[in-house]
Ligand SMILES: Cc1cc2nc3c(=O)[nH]c(=O)nc-3n(C[C@H](O)[C@H](O)[C@H](O)COP(=O)(O)OP(=O)(O)OC[C@H]3O[C@@H](n4cnc5c(N)ncnc54)[C@H](O)[C@@H]3O)c2cc1C
């Protein structure tokens with residue numbers, strides 16, 4: 001456990017030391033090197049939540065509506081993250097990615113995705129089956145597929161560690177094991193060190209960002225709905241699968257569908273799912289259902305669900321029908337086999353570390369927010385929907401947000 005800054009005063013306090021909080025602290029220090037900046041994280045180790053429990057895919061930015069923050073900031077974030085990894089010696093594997101169809105009926109959706117990519121200015125090609133066979137011999141499609149050369153992969157936790165090192169080298173403080181239990185404009189209260197006065201507070205609390213925002217009277221229309229991502233590793237020799245292989249996503253939901261990724265060390269991995277989680281940090285898997293169970297959290301989520309269940313914006317019964325069976329490994333592997341037929345449940349038996357997506361629900365409309373949501377004023381800023389691809393986009397998101405605060 002660590003102490004608050006000696007002066008109990010900081011120009012900037014960041015709540016949450018995941019990739020988003022660290023990127024914001026880093027961008028602030030780059031703009032105002034003389035400022036005192038402290039990042040508090042309740043965990044004793046870095047990357048304990050989404051920032052260390054994701055696929056590590058550097059997305060290219062073609063999925064998102066052209067007028068969205070995601071479309072603007074993912075391409076920039078991809079380039080900035082590459083540069084950062086090269087500078088700090090974190091490995092990147094240039095896998096590229098193919099998007100394949102599982103039936104001829106998916107062709108219009110594939111073409112729609114292609115048009116989005118073009119509207120967003122992302123390098124993306126429409127390829128045929130023989131091009132696909134050259135790029136990724138294990139993948140199958142029906143007629144056409146998409147090829148994204150700028151999608152890559154890295155080790156998500158290694159990136160977070162390197163970013164914390166850069167924040168510290170800029171004289172920022174990253175205080176682990178320090179839980180923020182209350183905050184408001186100009187102050188933050190930690191469980192460990194009392195009250196700290198803050199020129200500006202940034203809330204980058206991930207799964208708890210809605211709760212922290214509510215302390216400031218911000219984001220009052222929003223509640224977090226957590227969705228669990230499960231993974232299985234294959235026993236294939238490293239390098240057998242060379243490209244990430246993704247399906248065409250259902251545009252009604254903010255998730256990309258079960259896919260195969262290649263890890264930075266060349267292993268094949270299936271997942272993640274988007275199974276409704278029962279509480280925010282619900283990393284439970286069959287066989288350890290009550291791991292870290294939080295009753296108060298579960299009750300709050302149970303009260304939020306009915307609004308989502310009645311949502312006219314999403315196919316919620318369809319989502320539940322398709323996602324919940326993915327607790328079964330055999331079922332999940334079967335879905336992946338529609339993209340890569342040689343995938344077999346006998347080869348994918350090693351469970352990966354589950355992750356939970358901090359997905360924001362707009363309660364009045366019952367809509368899952370698709371874009372990043374940032375609210376704030378001159379005293380505080382709230383990163384309310386730092387969902388995928390916020391790991392890719394974090395450095396660009398941070399520049400965008402900090403340039404709006406620091407004049
Ligand atoms: C399964 C899965 C797969 C994904 N795959 C990808 C991918 O391939 N590519 C990509 O770009 N994105 C991906 N994402 C999304 C990406 O992981 C997130 O967008 C990103 O990590 C969000 O970062 P964050 O800093 O907001 O959240 P977090 O990493 O969750 O950080 C929030 C931090 O706040 C701390 N905290 C919370 N409350 C408090 C408090 N009261 N006091 C102090 N500290 C507090 C927590 O301990 C935590 O460390 C994926 C996400 C998931 C779940």
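The numbers here are math on the coordinates, done by the rules we state, and not lab data. The shown structure was predicted, so the numbers you read here are calculated from the model rather than taken from an experiment. Virtual Cβ from ideal backbone geometry, glycine too; neighbours counted across all protein chains shown.
The table that follows gives values for the structure above.
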quantity: Residue 403-residue 342 FRET efficiency (beta carbon distance; Förster radius 51 Å; 0.05 resolution); calculated: 0.60
quantity: Inter-label distance, nm, simple model (7 Å from Cα along the C-beta direction), residue 65/residue 351; calculated: 3.7 nm
quantity: Anisotropy class of the stretch 52-157 from Cα gyration tensor, a/c 1.5 cut; calculated: oblate
quantity: GNM result for the chain, Cα springs below 10 Å: residue of 226, 137, 286 fluctuating most strongly; calculated: 286
quantity: Long-range tail of P(r) for the stretch 174-244 (Cα pairs > 20 Å, %); calculated: 50 percent
quantity: Ranked 300, 237, criterion: other C-beta atoms within 10 Å, fewest first; calculated: 237, 300
quantity: Ranking of 49, 59, 345 by count of other Cβ atoms within 10 Å, fewest first; calculated: 345, 49, 59
quantity: 24 Å tail of the calculated P(r), the stretch 293-407, as % of Cα pairs; calculated: 50 percent
quantity: Ranking of 113, 58 by count of other Cβ atoms within 10 Å, fewest first; calculated: 113, 58
quantity: Where labels lie 7 Å past Cα in the beta-carbon direction, separation of residue 45 and residue 302 in nm; calculated: 3.2 nm
quantity: Most mobile of 27, 119, 145 in a GNM of the chain (Cα contacts under 10 Å); calculated: 119
quantity: Gained length - residue 130 relative to residue 329, 0.36 nm times residue gap less alpha-carbon distance; calculated: 68.5 nm
quantity: For the stretch 290-353: rounded, prolate or oblate by the Cα gyration tensor [a/c cutoff 1.5]; calculated: oblate
quantity: Anisotropy class of the chain from Cα gyration tensor, a/c 1.5 cut; calculated: prolate
quantity: Residue with peak Gaussian network fluctuation, the chain [Cα springs, cutoff 10 Å], from 207, 69, 395; calculated: 69
quantity: Average silhouette area of the stretch 1-113, convex hull of alpha-carbon atoms, in square nanometres; calculated: 10.2 nm²
quantity: FRET efficiency, 1/(1 + (r/R0)^6) with R0 30 Å, evaluated for residue 179 and residue 252 via beta carbons; calculated: 0.25
